[in-house]
Structures are given as structure tokens and as C-alpha cells.
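The values are calculated or read from the model by the stated rules, or taken from the named source; none is laboratory data. Owing to the predicted nature of the structure, the values given are computational and were not obtained by experimental measurement. Neighbour counts are summed over all protein chains in view; Cβ atoms, including those assigned to glycine, are modelled from backbone coordinates with ideal geometry.
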Amino acid sequence: MVKLARRMDTLPPYLFAALDERRRAVEQRGIEVISLGIGDPDLPSMPIAVETVQREAARVQNHRYPRYDGLPAFREALARHYQRRFGVAVDPQRETLTVIGSKEGLAHLIWAYVEPGDVVLSPDPSYPVYGAHTGLAGGEVYSLPLRAEMGFLPDLSAIPEDVARRAKLLFLNYPNNPTGATCDLAYLRAAVEWCRERDILLVHDAAYVEMTLEGEPAHSVLEVEGAKDVAIEFYSLSKPFNMTGWRLGAVLGNREAVAALGRIKNNTDSGQWHAIQYAGAAALESHPEAFFAQMNAIYRQRRDRLFEGLARVGWEATPPKATFYVWAPVPGGDDQSFAAQLLDAGVVVVPGSGYGKHGAGYVRLCLTVSEEDIDRVVERLAALHPSPFAR
Ligand SMILES: *Cc1c(COP(=O)(O)O)cnc(C)c1O
């Protein structure tokens, strides 16, 4: 067998691939599984997106290679959305770029910046892609613990200056996966200043920026004055528009960073299909705030339903104010074996340690199932014997 590159050793198996395998094993035993695992909306995409992609699919000019930097109509629609939604002006030409889902963009961005020995500051727990590609590129992840008592916000003042000096990138993600935490504009402002003083690129992963269940709508980092000097933001249509399968997102902000990601992408992929970008443009132009409100109301109702159930079975957790994730402390503290116990009972949750060592002791539950299924999950929790929730 041909020997794999040594860098492959840095790559853990993708969290959800491993979960899928375990789930299939349980299903083979005849147990019907309800998944609160991967964050993948169960509800349909916007009708206008579906109609647009159907129409555009028939146009021959869309059968050719897409533009490398992305369809202008999509990037202009996104710029207009940023103006309306956040009061932020971005130049669609030079300050935006279409990505094939933000996962692709986040991964490739790291290759534009990180060399062996460079430090990447990454929250722990976090979306696994930041660390995976840092490792592949030979960089070093410096973990920023997200702790409940700090509101799941990294304490930037705790980062040693010699580490900060070696750092190229700081990843932030609010509203946050997996904790469901939010941050205010003051926090983002402080992070922009902190990065400016140290010449670090702030990468804000805004996959859930449209998904606030209660309280004030979440912020774009680009709302911070001067943010474009040191920051970029990844916007994703996946979660808020129920378009995970379509693979559409964008990067916005700092021109050099946008151009650098564009150069990597030119040499790697050939862009997203124009029919899909036209659909994204139509969705963004349709004043989607009402659609977001509708979706968020559904998730809020599911959240409340789940928390009524959790209270009944005696599982204490804090309801999230944003995202569709519940980050729940595990009774007994062993998230791996607790998740395995739930899977045997037919419920998939993600063990928190899969998101980093500071995720240990938690599991993540995703609200992407119907209220009926939430009730069935609660029944299964109540039937666990002996009850892990008994005190
Ligand atoms: C889902 C998710 C993404 C990936 O979104 P795509 O645009 O579908 O690639 C990125 N970051 C976080 C934190 C996510 O949860």
C-alpha cells in the first residue's frame, strides 16, 4: 500500500462520519433512531429559491463553468442584504467572494495564511474545520476555552503575548456552535481592536447570525468601525435558508484576505453553479427577514417543548437564545458514554468532547426534528433505566 502523507495523522475522522457509523449499527439492531445530531434543518428551502434554481437550470448559459469569484448578481444581493440587515457597506466586487458553503471557504482560507509553526487561535469547543485544516497546514492550534461562567466567550486577555505574536488567525463564531451562546457588539469591537494591535486576521464564522430565538438580532463583525482592516466574515445560506445541501455561502470584508482566498480557490475548485447562486440572490433579495422570523419561531417552540420535557425528566440545562443547538451538561460528566447510552435508546446526540477537550461533560442536541419527535425523545429519556438524571 502506498504510504499516506504524514499530515493525514493530524486528521481525526470527521465527527459526524463516525456518528453515522454508530447510528447504522444501532439501526441494524432494529431500533428506530431519532437524530438530534448534525445541524441540518428539516424544513424546506424558500419557494423562491426552488423556483429560481428550476428556471435557471434550463438556461444553457448556466451549463458552463461558473465565474471564479462568484456571480455578481449573488454578491450584489448579499451586499444589499448586509446594508439592510446590518447597516454595513461592502463592495461586492472586491470585498465579497462566493464560497461553496462556508466550510469550504473556512478550510481554504487557512491554507492562504498558515505555515508550519504559525499559531491559530481557535475556540474550544468549536466547529472542527478550524483545527483540522490548521493541523493539515502544519500550524498549531492554541485553544481558547469556552466556559459557561464566561458566557462561552474566549478571554482574549488570557492569551500569552508570545503566543499572540505567533498567531495569524483568530476564529470566532457567534451565535455559537456548539454552545448556542451569543455575543454583543462590544465583544466583537474588543476582538477587532485586540487583533488590530497584534496584526492578526479575525475570522468571524457567522453561520448562525440570522438565527436569534429571543432578544436582539445577532451582529455582523463588520458592524464594528474599521473591522474591514483586520476582519472577514463567513456568511452561509445553509442554516437560515434551509439550504445545507445547496452549498452556498460567501466571505465578506478585508480585501487582501478575500483576494487571497480567491487565489487558493482559483487553483482548487471552479466555483458554485450559477443556477444555485441565482437562487441565493433571489432568496436574499426577497427580504428574507420574515422567513427567518418564521423559522426562528419554529425552533423556539421546539426548544420550549424540549425544555418542558427535560424539566420533567430532571435534566438541567440552559435554553439557548440563538442557533438551534442545546448545549447540555451531562449528568455524571462523561459525555462519550452518555451519548452512547442515548444512542442505544435510539437518540443521537453529539458528545461535546468531539468539539474539543473543553467540550467534555456536555452533549449537543439539535432542534431540527418535529415536536412529535421531541416528545418521543423525552419519552425515551424518561424510560432510561436506571435514570441518569436521578439525584
Ligand atoms: C454549519 C456550519 C458551517 C458550515 O456551513 P456551510 O455553509 O454549510 O458550509 C460553518 N460553521 C459553523 C459554525 C457551522 O455550524
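Among the residues of segment 29-81, those identified as within 16 Å of the ligand (Cβ to nearest atom) and among the charged types (D, E, K, R) are D40, D42, R75. Of all the criteria given as (1) among the polar types (S, T, N, Q); (2) out of contact with any helix residue (DSSP H, G or I) (no Cβ under 6 Å at 6 or more places or on another chain); (3) assigned by TED's automatic domain parsing to the domain that holds G280, the one not satisfied by N62 is (2). Residue pairs whose Cβ atoms lie under 6 Å apart, sitting 6 or more positions apart in sequence or on different chains, and linking a residue in segment 85-106 that is within 15 Å of R263 (Cα to Cα) to a partner that is assigned to a loop (DSSP other than H, G, I, E, B) and at pLDDT below 95, are L97/D69.
Of all residues in segment 110-131, those being away from the ligand (no atom under 12 Å from the Cβ) and under 24 Å from R75 (Cβ atoms) number 4.
Residues that are within 19 Å of F324 (Cα to Cα), within 16 Å of the ligand (Cβ to nearest atom) and not β-branched (V, I, T) occur at least once in segment 189-205.
Tallying residues that are part of a loop (DSSP other than H, G, I, E, B) and of a type in the set (G, A, S) within segment 231-245 yields 1. Among the residues that make up segment 292-308, is at least one of them aromatic (F, W, Y), outside the structural domain of F86 (by TED's automatic domain parsing) and over 18 Å from the mean Cα position of the chain (by Cα)? For segment 292-308, residues aromatic (F, W, Y), outside the structural domain of F86 (by TED's automatic domain parsing) and over 18 Å from the mean Cα position of the chain (by Cα): present.
To keep it simple, each residue is scored yes or no on (1) over 27 Å from P12 (Cβ atoms); (2) without any contact (Cβ under 8 Å) to a residue 60 or more places away in the chain; (3) within 13 Å of the ligand (Cβ to nearest atom); (4) buried (at least 16 other Cβ atoms within 10 Å of the Cβ).
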| residue | (1), (2), (3), (4) |
| --- | --- |
| H133 | no, yes, yes, yes |
| E161 | yes, yes, no, no |
| R165 | yes, yes, no, no |
| C183 | yes, yes, no, yes |
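In this structure, S238 does satisfy being of a type in the set (G, A, S), within 16 Å of the ligand (Cβ to nearest atom) and at pLDDT 95 or above. Looking at P44, P116, which is the one that is over 18 Å from the mean Cα position of the chain (by Cα), touching a residue at least 60 places away in the same chain (Cβ under 8 Å) and in a loop (DSSP other than H, G, I, E, B)? Being over 18 Å from the mean Cα position of the chain (by Cα), touching a residue at least 60 places away in the same chain (Cβ under 8 Å) and in a loop (DSSP other than H, G, I, E, B) holds for just one of P44, P116, which is P44.
Let's see how each residue does on (1) in contact with a Lys or Arg (Cβ under 8 Å, 6 or more places away or on another chain); (2) part of a loop (DSSP other than H, G, I, E, B); (3) surrounded by 22 or more Cβ atoms within 10 Å (Cβ to Cβ); (4) not hydroxyl-bearing (S, T, Y):
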position	(1), (2), (3), (4)
V258	yes, no, yes, yes
A279	no, no, yes, yes
L284	yes, no, yes, yes
F292	no, no, no, yes
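No other residue among D9, D20 is within 27 Å of Y130 (Cβ to Cβ) and either surrounded by 14 or more Cβ atoms within 10 Å (Cβ to Cβ) or small (G, A, S) (or both) apart from D20. If I filter segment 360-367 for residues that are among the aliphatic types (A, V, I, L, M), more than 18 Å from the chain's Cα centre (by Cα) and at pLDDT 95 or above, do I get at least one hit? The answer is yes, given that some residue of segment 360-367 is among the aliphatic types (A, V, I, L, M), more than 18 Å from the chain's Cα centre (by Cα) and at pLDDT 95 or above.
The single condition among (1) out of contact with any strand residue (DSSP E or B) (no Cβ under 7 Å at 6 or more places or on another chain); (2) within 21 Å of V377 (Cβ to Cβ); (3) surrounded by fewer than 22 Cβ atoms within 10 Å (Cβ to Cβ) that P329 does not satisfy is (1).
For segment 319-332, the condition of being in a loop (DSSP other than H, G, I, E, B) and at pLDDT below 95 holds for at least one residue. The residue that is modelled with the lowest pLDDT, among those in segment 1-41 that are in a loop (DSSP other than H, G, I, E, B) and acidic (D, E), is E32.
Contact map, segment 323-343: first residue under 20 Å from T368 (Cβ atoms), second residue basic (K, R) and surrounded by 24 or more Cβ atoms within 10 Å (Cβ to Cβ), Cβ cut-off under 6 Å, separation 6 or more or different chains; pairs are Y325/R364; W327/R364.
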